[in-house]
Amino acid sequence: MRPLLLALALIPFAAAQAHDEHEHGSLGKHEHSVAQLNVALDGSTLELEVDSPAMNFVGFEHPASSAADQATVAAARAQLGKPLELVQAPAAAKCGVAEVELESPLFGNAKAHDHDDDGDEHEGHQHSDINAHYKLTCAAPEALTSLDFAPLFKRFPGTQKLVVQLIGPNGQQGAELTPASSLLKF
Ligand SMILES: [Zn+2]
């Protein structure tokens, strides 16, 4: 369900990202504590897509085999399923969640990957991402002047930076959000 957002957000940046291609393949950047965030507001539809190392949300990236790890993954998955608890939209915009998609090898619905170019699966070298895609519908999108990601940084302290591409009424812009500067202005 993400072709629209991906097409809008990524195609203009294909050239800029090309230099990463040989290191990261089609999986995009994978840097612990950093997550990529695409935001697109089109009419009353607000789409958010988060691509993050699983480390940022659960603290590890290996398959969850122990009961404790499984509980951690389940809790993170449940929390990621409630985007309006992680992102504060202005109440006047009257946004509601229309769709949520969560994908990760840790959730059993995406493949793990190996960053070693030689294909060796050395223990400890396997990385996993978590991809979250949200579609929200906002009854008063003109009131959507900003989004505050402070709750996400608070709930998932392993996340220290969001690298944002925003497409909104004022065009396309990039931004970097941190716990100290968590407000994304449209
Ligand atoms: Zn990793």
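The values are calculated or read from the model by the stated rules, or taken from the named source; none is laboratory data. Fair warning: this is a prediction, and the values are worked out from it, not measured in the lab. Cβ: placed from backbone, ideal geometry, glycine included. Neighbour counts: every protein chain shown. Accessible surface is based on the protein model in full, side chains and every heavy atom, while ligands, DNA and RNA are left aside. Shrake-Rupley method; radii C 1.70, N 1.55, O 1.52, S 1.80 Å.
For this structure, a couple of remarks:
- Within the range 20-47, residues that are closer than 19 Å to Ala110 by Cα sit with their Cβ atoms under 6 Å from residues that are small (Gly, Ala, Ser) and at pLDDT 60 or above, at 6+ positions apart or across chains, in these pairs: Ala35/Ser52.
- Helices (runs of 4 or more DSSP H) contained entirely in the range 1-61, each with at least 1 residues that are modelled with pLDDT under 50 and either within 12 Å of the ligand (Cβ to nearest atom) or more than 23 Å from Phe186 (Cα to Cα) (or both): 14-17, 21-24
- Criterion (more than 16 Å from the ligand (Cβ to nearest atom) and farther than 13 Å from Tyr134 by Cβ) met by exactly one of Ala76, Ala67: Ala67
- When the range 45-59 is filtered for residues that are open to solvent by 20 Å² or more (accessible area, probe 1.4 Å) and closer than 13 Å to Gly168 by Cβ, only Thr45 remains.
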